[in-house]
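Readers should treat all values here as calculations from the given coordinates under stated rules, not as data from a laboratory. Bear in mind that the values here come from a model prediction, so they are computed numbers and not experimental data. Because the Cβ atoms are built from the backbone with ideal geometry, glycine has one as well, and the counts that use them run over all protein chains shown.
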Amino acid sequence: MNNITNHHKNLFAESIESFDEMGLNDKLVQGIYGYGYEKPSLIQQRGILPLLKKRDVIAQAQSGTGKTATFVIGTLQNINRTTHSICVLTITPTRELAFQIEQSFKEIGVHLKVKTQVCVGGTRLSRDIRYLLKYNPRIIIATPGRLFDILSLNTKILKKLQYVIIDEADEMFSKGFKFQIYRIFKFVPKLCTIGLFSATLPKEIIQIVETIMNEPVRIFVKKNELTLEGIKQFYIAVEEKWKLEAVCDIYRLMKITQSIVYVNSKKKAEWLAEKMSSNGFEVLCLHGSITQADRSAIMKNFRLGIRRVLITTDLLSRGIDVQQVCLVINYDLPTSKEIYIHRIGRSGRFGKKGIAVNLLVKNEVFVLREIESYYNTTIEEMPLDINEYL
Ligand code: ADP
Ligand code: MG
């Protein structure tokens with residue numbers, strides 16, 4: 001564990017309020033403006049610089065505040081053009097998030113012409129490896145299982161790595177992934193810069209990660225600022241057997257663009273999709289047992305707005321950014337308070353307005369009250385003039 005003074009920590013507390021003043025290379029700045037960004041968000045104002053200076057970073061900021069571009073810009077600038085090896089490794093918990101992040105690297109880095117590759121499960125391992133060796137991507141975005149399989153067979157490919165970025169870091173250091181991440185870090189060179197990004201970062205996790213980091217710059221948003229600002233939250237008290245009816249009513253009532261409905265199991269997702277379809281709604285259904293090819297097609301249709309309702313599980317609760325999502329429905333309440341903010345945060349991206357509706361069965365009222373007090377927010381009964389809130 002590193003013992004650093006406050007002075008040291010705050011060296012990078014400085015905010016830079018314009019992309020022009022960050023000392024970025026012209027092509028990168030062009031890519032940023034071309035992507036439609038005019039001004040850095042708060043996390044970008046504080047998080048990009050330390051990465052440029054190759055400092056380890058622990059960054060926590062509310063969902064939808066632009067963490068992705070923070071590490072995309074912070075790492076793209078320094079990509080070593082003289083090697084043919086991987087320079088940036090980004091690790092994410094889900095495949096969908098990996099593809100989304102790759103898109104940000106590609107679009108923001110469009111004038112830098114650096115190659116990217118996504119390495120995730122559900123595709124052929126041999127193909128991933130063949131591509132890696134043939135095309136020499138400088139940036140890879142991977143899920144932990146596939147990454148570890150690749151590293152076991154090609155132990156040297158991270159030899160020249162400059163940055164490891166872990167997105168949704170709390171999830172990645174939680175029980176399910178923790179040991180995979182440790183094993184992966186055995187392949188990461190000592191001098192590599194580490195960046196951790198997440199909306200929530202419990203104390204226990206910070207203690208764990210500090211042991212693998214070198215004097216990290218910490219950028220935190222205080223917990224009471226994680227209030228889901230801009231997202232109106234409602235509940236409807238309803239018996240389980242009337243939930244389907246309630247959801248159909250919401251869609252009849254509301255003029256929505258895109259929306260996501262969360263349930264707690266794959267089976268229920270399939271069931272609900274089937275029921276809503278037979279009620280005349282065009283829905284998409286995505287969960288972890290669907291083949292990778294179908295998962296990609298479903299995400300594409302949803303992003304393009306071909307279908308406007310996506311029924312899914314917590315597989316898609318983290319990080320996914322579809323700008324037009326203005327409504328999230330919790331058909332089932334999430335199983336933990338932390339997941340709530342990830343689900344609800346799929347709407348109201350980057351300061352847009354959003355609505356969340358929670359369907360509650362009787363004995364769940366106390367769960368909702370707990371969520372309210374944890375996030376210091378209010379969740380009211382859904383009014384009839386709901387369209388006013390859109
Ligand atoms: P987070 O990872 O913090 O939850 P994302 O990185 O997914 O958030 O960004 C949320 C949305 O905000 C994305 O659609 C992204 O393109 C947009 N965004 C990020 N930074 C900016 C910016 N500086 N200006 C305008 N839009 C931005
Ligand atoms: Mg994110």
- Item | Amide N of segment 42-66 lying under 19 Å from the label point, which is placed 7 angstrom from the Cα of Asp26 along Cα→Cβ | none
- Item | Net +/- balance of residues flanking Leu368 in space, Cβ distance below 12 Å, scoring K and R +1, D and E -1 | -2
- Item | Projected label distance in nm at Lys39 and Lys300, using a 7 Å step from Cα toward the beta-carbon | 3.7 nm
- Note on the structure: For segment 210-365, the Kirkwood Rh over every pair of distinct alpha carbons, in Å, works out to 16.5 Å
- Listed residue (Ile205, Val164, Ile341) projecting farthest to the positive dipole end of the chain, Cβ model: Val164
- Can you tell me the order of 329-338, 357-366 when each peptide is scored by its average per-residue count of other Cβ atoms within 10 angstrom, highest first? 329-338, 357-366
- For the chain, what does -39500 (n - 2.57) per DSSP helix run (n ≥ 4), summed and divided by total residues, give at 222 nm, in deg cm²/dmol to the nearest 500? -11000 deg cm²/dmol
- Query: What does the charge dipole of segment 334-381 about its Cα centre add up to, to the nearest 20 debye, if the Cβ of each Lys and Arg holds +1 and the Cβ of each Asp and Glu holds -1?
  - Reply: 320 debye
- Is any residue of segment 228-260 close enough, with backbone N under 13 Å, to a label point placed 7 angstrom from the Cα of Val361 along the Cα-Cβ axis, and if so, which? 238-244
- Message: From Cα pairs below 8 angstrom and at least 6 apart in sequence, can you work out the relative contact order of the chain, rounded to a whole percent?
- Response: 18 percent
- Task: Would you compute, for the Cα atoms of segment 171-302, the largest minus smallest coordinate along each principal axis and list the three values in descending order, in whole Å?
- Result: 57, 38, 26
- How high is the FRET efficiency between Glu370 and Thr123 when r is their beta carbon distance and R₀ equals 45 Å, given to the nearest 0.05? 0.65
- Given charges at beta-carbon only (K, R positive; D, E negative), |dipole| of segment 233-359 in Debye: 420 debye
- Ordered by fewest other Cβ atoms within 10 Å, a rough proxy for footprinting exposure, Val217, Val322 read Val322, Val217
- Cα extents of segment 335-390 along the three principal axes, largest first (Å): 29, 26, 17
- Per-residue HN-Hα couplings for segment 353-359, Karplus 6.51 cos²θ - 1.76 cosθ + 1.60 at θ = phi - 60°, whole Hz, x for Gly and Pro? 7, x, 10, 10, 10, 9, 8
- Task: Starting from the Cα gyration tensor of the chain, multiply each eigenvalue by 5, take the square root, and state the resulting semi-axes largest first in whole Å.
- Result: 36, 24, 20
- Message: Please report the net charge: other residues with Cβ closer than 13 Å to the Cβ of Lys115, K and R +1, D and E -1.
- Response: +4
- Cα convex hull of segment 39-117: mean projected area in nm², to one decimal? 5.7 nm²
- Task: State to the nearest 20 debye the size of the charge dipole of segment 143-183 about its Cα centre, where the only charges are +1 on K and R beta carbons and -1 on D and E beta carbons.
- Result: 340 debye
- Net charge, Trp271 excluded, C-beta distance under 15 Å - Lys, Arg +1, Asp, Glu -1: +1
- Task: Please report how far the C-alpha centroid of segment 36-70 lies from that of segment 88-130, rounded to the nearest whole angstrom.
- Result: 20 Å
- Message: How would segment 1-144 be classified by its alpha-carbon gyration tensor: rounded, prolate or oblate, with rounded meaning a/c under 1.5 and the a/b versus b/c comparison settling the rest?
- Response: prolate
- Query: Whose amide H sits under 5 Å from the amide H of Ile311, counting only residues 5 or more places off or on another chain, with H placed in the peptide plane?
  - Reply: Val261, Leu284, Cys285, Leu286
- Task: Specify whether the C-alpha gyration tensor of segment 267-331 places it in the rounded, prolate or oblate class, a ≥ b ≥ c being the square roots of the eigenvalues: rounded for a/c under 1.5, otherwise prolate if a/b is larger than b/c and oblate if not.
- Result: rounded
- Task: Would you calculate the separation in nanometres between label points at Ala293 and Lys268, each defined as 7 Å from the Cα along the Cα-to-beta-carbon direction?
- Result: 3.1 nm
- List every residue whose amide H lies under 5 Å from the amide H of Cys326, counting only residues 5 or more places away in sequence or on a different chain, with H placed 1.01 Å from N in the peptide plane. Thr257, Gln258
- Which shape class, rounded, prolate or oblate, goes with segment 21-71 when its Cα gyration tensor gives a ≥ b ≥ c as root eigenvalues, a/c under 1.5 marks rounded, and past that a/b bigger than b/c marks prolate? oblate
- Exposure proxy check: Tyr374, Tyr235 ranked by fewest other beta carbons within 10 Å? Tyr374, Tyr235
